[in-house]
1. Please give, to one decimal in nm, the separation of the simple spin-label points placed at Asn669 and His784, each 7 Å out from Cα toward the Cβ.
2. In whole Hz, what ³J(HN,Hα) sequence does region 404-415 give by Karplus (6.51, -1.76, 1.60; θ = phi - 60°), x for Gly and Pro?
3. With every protein chain present, what is the per residue accessible area of the chain (1.4 Å probe, Å²)?
4. Long-range amide H contacts for His12: which residues qualify at under 5 Å (H placed 1.01 Å from N, peptide plane, sequence gap of 5 or more or a different chain)?
5. Roughly how many Å² of Ile473 are accessible to a 1.4 Å probe, to the nearest 10?
6. May I ask you to compute the full-extension gain from Asp575 to Thr509, defined as 0.36 nm times their residue separation minus their alpha-carbon distance, rounded to one decimal in nm?
7. Along Cα→Cβ, 7 Å out, is where each label goes; now give me the distance between the ones at Arg435 and Ser582 in nm to one decimal.
8. Over region 357-411, what percent of the accessible surface lies on carbon and sulfur atoms, probe 1.4 Å?
Amino acid sequence: MASEILFVPHNHFDPTWRRCFDRPATFGGMTVRSYAEVEGHCIDAWLAAADDGYTFSEGQAVVWRKYLERNPDKKDALRQHARAGRLDMLLAGEVIQDSNLPAAEGLVRNFLVAWPFYKDLVGQDHPGLKLAWVADAFGNSPNLPQLFTQMGADCVGFTTYRVCSGDIWTGIDGTSICCYDWFPAERVGSFEKHPPCEQCQGTGCDACGGKGLVIVGGFDPQMVRKALEKAAAADGDWRVVWMTTEELVPDAQLLKVIDDLNREYAGRATFRFANPSDIREKYMPAMQRTLAEKGAPPVEDLNPAMAGTYVSRIKCKQRTRAISYKLLVAEAHFAHAQWQENAPAAPPAEMDEAWRLIAFNQFHDAITGTHIDSAYTELMETLDRAEAIADEHVPKVKRRRASHRFAEVADETAEREIGPFRVRFDRKGILSILRDGQDVFGVLPSSTRGGRDFRIGELVLEPDFGDAWGRRIAPMGNEAKNHSLVPLGNYHQRVEAAATAIRWRGQYTGNDIKVRKLKWTVTMALSDDGRRLDFVTEVDWDTHSRRIRVLVPVASQDDTATYEVPFGFIDRQWDLDKIDYSQWRGNTMEWPALHWVRKVIDDNRGVALLNKGLPCNRWVPGRLDLSLLRSPEWTFCVVEPEYYEFYDVDGQRDAGRHRFEYSLWPYYNGLTAGDLTRAGYAYNMAGLVPSQTAPVRRGKAPADAAPPAGPIPLPFAVSGDVIVTAFKPAQDGQGWILRLHEANGAATTAVLEFDALRQVTRVDPLERPQGEPTTTQHYQAPLHKHEILTLRLR
């Protein structure tokens, strides 16, 4: 019989999902109150019971910041309960973010902007801040163990929806962190989505006390009691009853349940309210034994998970990433100017505001597109504000814009020399791309009877029946041989060519009843550095349950490709047997990629596909594919009539005009992952910083690679196989922060060359010192594979 039972009630909060965060939503005569209001009711109810021992855990700074904005008089009480162990402030950051879709720096800034709030409210030594919290995130990036460890966490909690398989999670750099998801527990759960008041339809009236809500009591004390008794009967010195709730208002009845059980089980077991950090403390010895006995387990990729989220409401991804890069350039501009004057200062306050807004859009139900239309409007407005701040501070760059003179091509097939490439094409698309007579592209025959071969980079339309999380009905055939793909090259109406560009215009004129409008223009042009073929695809669409992909046939039937992730890259393997269309385990073998996915053919040759804000990538033996748009119709999770109907969701279909940018890189002379990653950053930051390479004219050889450190402008030299992801003023104004990471998956040495003596100190991502400063003009730091290094310079 277990001697100690920890009862842990945890309420998962969503700043945005079914509701807006900080405004009411109105649709069809009904008003749905904001999450900030619902969360406030929950926190108020907990505070009323907290003095009697009721516990509470929530680490999203945005939730507490908004609560204290509305209830400034509650700050001292929160501090008191945190000191007493009744409030766990978990290391979630500004929000529990999706860790796959943001820019790499976005992962850091989610915590950096929350850190001052944490320190002020609970202090940086608060035990909850040792536990990194990832509950409900749609997969987890494979370099998070290193990042969390550097921020002072020694444990991760609540991995979803690809759950860590054991007590230890080892990232791609080799860093291991404890994962406490397998602690001994009985688990119960209860969920409520409090409906609008029937009397006032959500606007507020006497019947609902002005709340506009019907606060539903969803706790079942007998269910909780049975779980506690079952835990008491189990073997072991301790056990947890973990109660997951969502939006459920804490219920003081549970205090009596615990008191009653302590009387009934006196001398046999004790029961107490506890928090996640208490579990961490209890379970840590077992996790450490696992690590000591087994060592670091193989790298575990906790993806894919609900791959539809990587493409639903695609502008969330495109804008969040693009504005992040603007902010990085603005920061570098401030830091550069301060460096020249040797006058360090903190970043402007509005820059922190902009990063908080970006972090809010990295919330797992925001960036993944699983929200109502009113919430989408709220998110776009926050991005508007962040972009306005960035635009105010980004230096103006005169960017050469290609001016192509297109003429219609009347020939059935044609060829053009575009830089070093010989491109053969017709009205349907690209037939071949050669360089020096070499070809890395394969032939992808149609899977339908009498169909033609797909073109290189051709758009295809396919059925995609499902919700914002993913497809739920399998295609005809299977994912590898999809009989329902419609090659959109068949609907091209015109092809035009210029000296270094080709353009196709098309409009769907078939009789698919799910397609109301589908028009597109695809322009392919030589990249500024002459090494790639850049695509700009503009789509005007209005469909239901459809998806557009780009297909790139590649001359390889191998099952493995490489995907860039924040602060590194990982090989991922296609496995048709793992395809799953279920609601909670959806897996269509599509993965998030930061800037690129690559298929290596041999030691020298391969094909890379770069993207701007288009993270849904896939390698199927014989082809790369990239998702552009999807129009889910099923309202799963966002509208649940069991609770209330609120069909403000038509915008999930993403109808309207869209612009997509991606780049095709066939290479023949070897290409390191570091060079590819630097090119990916330069491609995504094009137009924000001066071009590092001269434009390549027709027939000329490709220009040299971009500078080793990447596109962020620096006032000193950085060498080594590294990527600089940030150069910024330190948050406290005491110097400048440089962050970089090893770029090629192998050990390297980062070298910094200054024009005068400078003080260099290793710090963590939260900018806390991690060693003694070094004064030098020539600084060297050895890095292991995928290592992230943060330095304070003075």
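The values are calculated or read from the model by the stated rules, or taken from the named source; none is laboratory data. Every value quoted in this text rests on a predicted model; they were computed, and no experiment measured them. No Cβ is skipped: glycine too gets one built from the backbone with ideal geometry, and neighbour counts run over all protein chains shown. Heads up: the accessible areas ignore ligands, DNA and RNA and are worked out on the full protein's heavy atoms, side chains in. Shrake-Rupley method; radii C 1.70, N 1.55, O 1.52, S 1.80 Å.
1. Rounded to a tenth, the inter-label distance reads 3.5 nm.
2. 8, 9, 8, 9, 5, 9, 8, 5, 5, 9, 8, 10
3. On the way: 28810 Å² over 794 residues.
Heavy-atom SASA per residue in the chain reads 36 Å².
4. HN-HN under 5 Å from His12: Thr245, Glu246, Glu247.
5. Answer for Ile473: close to 100 Å² accessible.
6. Values: separation 66, 0.36 × 66 = 23.76 nm, distance 3.53 nm.
Result: 20.2 nm gained on full extension.
7. Going by the 7 Å Cα→Cβ label model, 4.5 nm.
8. Values: 1180 of 2660 Å².
Of all accessible area on region 357-411, carbon and sulfur atoms account for 44 percent.
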